[in-house]
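Scroll down for the structure; my scribbles are underneath it.
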Amino acid sequence: MRSYTFRLKPGQDLFDSIEAFVTENKIDAGCVLSSVGSLTHATLRLANRSRLNEYDGYFEIVSMTGTVSTNGSHLHVSISDGDGVTIGGHLVSGCKIYTTAEIVIAEFNDVIYKREQLENDSGYEELVVYKK
(Lines give C-alpha, C1' and ligand atoms only; values in the text may rest on other atoms or scores of the structure.)
Protein backbone atom coordinates (compact mmCIF):
# COMPACT_ATOMS: atom_id res chain seq x y z
CA MET A 1 0.00 0.00 0.00
CA ARG A 2 1.13 3.52 -0.76
CA SER A 3 -0.38 6.73 0.58
CA TYR A 4 -0.76 10.19 -0.93
CA THR A 5 -1.62 13.45 0.79
CA PHE A 6 -2.52 16.59 -1.14
CA ARG A 7 -4.24 19.90 -0.64
CA LEU A 8 -6.83 21.58 -2.83
CA LYS A 9 -7.09 25.36 -2.98
CA PRO A 10 -9.97 27.86 -3.10
CA GLY A 11 -12.14 27.61 -6.19
CA GLN A 12 -11.04 24.12 -7.20
CA ASP A 13 -13.67 21.46 -7.82
CA LEU A 14 -13.49 18.74 -5.15
CA PHE A 15 -14.52 15.74 -7.27
CA ASP A 16 -12.78 16.80 -10.48
CA SER A 17 -9.54 17.55 -8.62
CA ILE A 18 -9.54 14.15 -6.92
CA GLU A 19 -10.18 12.47 -10.27
CA ALA A 20 -7.33 14.46 -11.86
CA PHE A 21 -4.96 13.47 -9.04
CA VAL A 22 -5.92 9.80 -9.40
CA THR A 23 -5.38 9.95 -13.16
CA GLU A 24 -2.08 11.85 -12.88
CA ASN A 25 -0.75 9.33 -10.34
CA LYS A 26 -2.15 6.31 -12.21
CA ILE A 27 -4.01 4.98 -9.18
CA ASP A 28 -5.84 1.85 -10.37
CA ALA A 29 -7.29 1.03 -6.94
CA GLY A 30 -7.50 3.16 -3.83
CA CYS A 31 -9.69 4.70 -1.17
CA VAL A 32 -10.05 7.99 0.65
CA LEU A 33 -8.58 7.60 4.14
CA SER A 34 -9.23 11.12 5.37
CA SER A 35 -10.48 14.49 4.21
CA VAL A 36 -11.26 17.81 5.81
CA GLY A 37 -11.87 21.24 4.38
CA SER A 38 -14.59 23.65 3.39
CA LEU A 39 -16.90 24.44 0.47
CA THR A 40 -18.82 27.45 -0.81
CA HIS A 41 -20.99 25.38 -3.14
CA ALA A 42 -21.99 21.74 -3.00
CA THR A 43 -23.56 19.51 -5.62
CA LEU A 44 -24.74 16.14 -4.33
CA ARG A 45 -26.83 13.25 -5.57
CA LEU A 46 -28.95 12.13 -2.64
CA ALA A 47 -30.11 8.59 -1.94
CA ASN A 48 -32.45 7.06 -4.52
CA ARG A 49 -32.63 10.24 -6.61
CA SER A 50 -31.49 10.77 -10.16
CA ARG A 51 -31.43 14.58 -10.00
CA LEU A 52 -28.66 16.59 -8.36
CA ASN A 53 -29.17 18.90 -5.38
CA GLU A 54 -27.32 22.25 -5.23
CA TYR A 55 -26.35 24.04 -2.00
CA ASP A 56 -24.82 27.51 -1.63
CA GLY A 57 -23.24 28.81 1.58
CA TYR A 58 -20.29 27.94 3.77
CA PHE A 59 -19.85 24.28 4.62
CA GLU A 60 -17.32 22.17 6.48
CA ILE A 61 -16.39 18.82 4.96
CA VAL A 62 -16.93 16.56 7.97
CA SER A 63 -16.46 13.25 6.19
CA MET A 64 -15.63 11.74 2.82
CA THR A 65 -15.25 8.10 1.95
CA GLY A 66 -15.17 5.89 -1.09
CA THR A 67 -13.12 4.17 -3.73
CA VAL A 68 -10.96 5.84 -6.37
CA SER A 69 -9.57 4.49 -9.62
CA THR A 70 -8.43 5.60 -13.06
CA ASN A 71 -11.40 3.48 -14.17
CA GLY A 72 -13.96 5.46 -12.18
CA SER A 73 -14.43 6.59 -8.59
CA HIS A 74 -17.34 6.36 -6.17
CA LEU A 75 -17.26 8.90 -3.35
CA HIS A 76 -19.70 10.04 -0.68
CA VAL A 77 -19.33 13.26 1.32
CA SER A 78 -20.94 14.77 4.41
CA ILE A 79 -20.97 18.53 4.89
CA SER A 80 -22.27 20.75 7.68
CA ASP A 81 -23.34 24.38 7.69
CA GLY A 82 -22.72 27.09 10.29
CA ASP A 83 -25.51 25.72 12.47
CA GLY A 84 -24.13 22.19 12.37
CA VAL A 85 -26.89 20.94 10.10
CA THR A 86 -25.31 18.07 8.20
CA ILE A 87 -26.21 16.54 4.85
CA GLY A 88 -24.47 13.91 2.83
CA GLY A 89 -24.67 12.18 -0.48
CA HIS A 90 -22.91 11.03 -3.61
CA LEU A 91 -20.06 13.41 -4.53
CA VAL A 92 -20.19 14.72 -8.10
CA SER A 93 -18.60 17.59 -10.00
CA GLY A 94 -19.64 21.03 -8.80
CA CYS A 95 -18.39 21.21 -5.20
CA LYS A 96 -16.20 24.32 -4.93
CA ILE A 97 -13.46 24.61 -2.31
CA TYR A 98 -13.76 27.59 0.05
CA THR A 99 -10.45 27.73 1.97
CA THR A 100 -8.86 24.30 1.62
CA ALA A 101 -9.41 20.57 1.29
CA GLU A 102 -6.83 18.15 2.67
CA ILE A 103 -7.15 14.70 1.10
CA VAL A 104 -5.37 11.45 2.05
CA ILE A 105 -5.64 8.52 -0.38
CA ALA A 106 -4.40 4.95 0.01
CA GLU A 107 -3.37 3.05 -3.13
CA PHE A 108 -3.59 -0.74 -3.32
CA ASN A 109 -0.99 -2.28 -5.61
CA ASP A 110 -2.35 -5.83 -5.84
CA VAL A 111 -5.76 -5.07 -7.41
CA ILE A 112 -7.45 -2.99 -10.09
CA TYR A 113 -10.86 -1.39 -9.55
CA LYS A 114 -13.19 -1.14 -12.53
CA ARG A 115 -16.77 0.04 -12.91
CA GLU A 116 -19.01 -2.27 -14.93
CA GLN A 117 -22.70 -2.62 -15.66
CA LEU A 118 -23.85 -5.76 -13.88
CA GLU A 119 -26.95 -7.78 -14.68
CA ASN A 120 -29.86 -7.54 -12.24
CA ASP A 121 -28.12 -4.91 -10.17
CA SER A 122 -28.61 -1.22 -9.33
CA GLY A 123 -28.61 0.17 -12.86
CA TYR A 124 -25.32 1.95 -12.12
CA GLU A 125 -21.85 0.82 -13.05
CA GLU A 126 -20.70 -1.11 -9.98
CA LEU A 127 -17.30 -1.94 -8.52
CA VAL A 128 -15.54 -5.02 -9.88
CA VAL A 129 -12.18 -5.96 -8.37
CA TYR A 130 -9.50 -7.70 -10.45
CA LYS A 131 -6.22 -9.13 -9.18
CA LYS A 132 -3.08 -7.65 -10.79
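Restricting attention to the stretch 45-77, the residues that are hydrophobic (A, V, I, L, M, F, W, C) and more than 20 Å from GLU102 (Cβ to Cβ) add up to 3. Somewhere in the stretch 61-75, is a residue surrounded by 14 or more Cβ atoms within 10 Å (Cβ to Cβ) and over 23 Å from SER3 (Cβ atoms)? No, because not a single residue in the stretch 61-75 is surrounded by 14 or more Cβ atoms within 10 Å (Cβ to Cβ) and over 23 Å from SER3 (Cβ atoms). Looking for something in contact with a Pro (Cβ under 9 Å, 6 or more places away or on another chain) and among the β-branched types (Val, Ile, Thr) - is there at least one such residue anywhere in the stretch 80-97? For the stretch 80-97, residues in contact with a Pro (Cβ under 9 Å, 6 or more places away or on another chain) and among the β-branched types (Val, Ile, Thr): present. Can you tell which of ALA101, ALA106 is modelled with pLDDT of 95 or more, farther than 25 Å from GLY11 by Cβ and in contact with a Gly (Cβ under 7 Å, 6 or more places away or on another chain)? Selected residue: ALA106, the only one of ALA101, ALA106 that is modelled with pLDDT of 95 or more, farther than 25 Å from GLY11 by Cβ and in contact with a Gly (Cβ under 7 Å, 6 or more places away or on another chain). Assessment of the stretch 77-92 against the conditions (in contact (Cβ under 8 Å) with a residue 24 or more places away in the chain, surrounded by fewer than 16 Cβ atoms within 10 Å (Cβ to Cβ) and under 14 Å from the mean Cα position of the chain (by Cα)) yields no matching residue. Checking THR65, THR23, THR5, THR43 one by one, the residue that is within 11 Å of the chain's Cα centre (by Cα) and closer than 26 Å to TYR113 by Cα is THR65 and no other. Against the conditions (1) farther than 25 Å from TYR130 by Cα; (2) touching a Lys or Arg at 6+ places or on another chain (Cβ under 8 Å), ALA106 satisfies every one except (1).
The values are calculated or read from the model by the stated rules, or taken from the named source; none is laboratory data. Nothing here was measured: the structure is a model prediction, and the numbers come from that model. Positions of Cβ are backbone-derived with ideal geometry, glycine not excepted, and every protein chain shown enters the neighbour counts.
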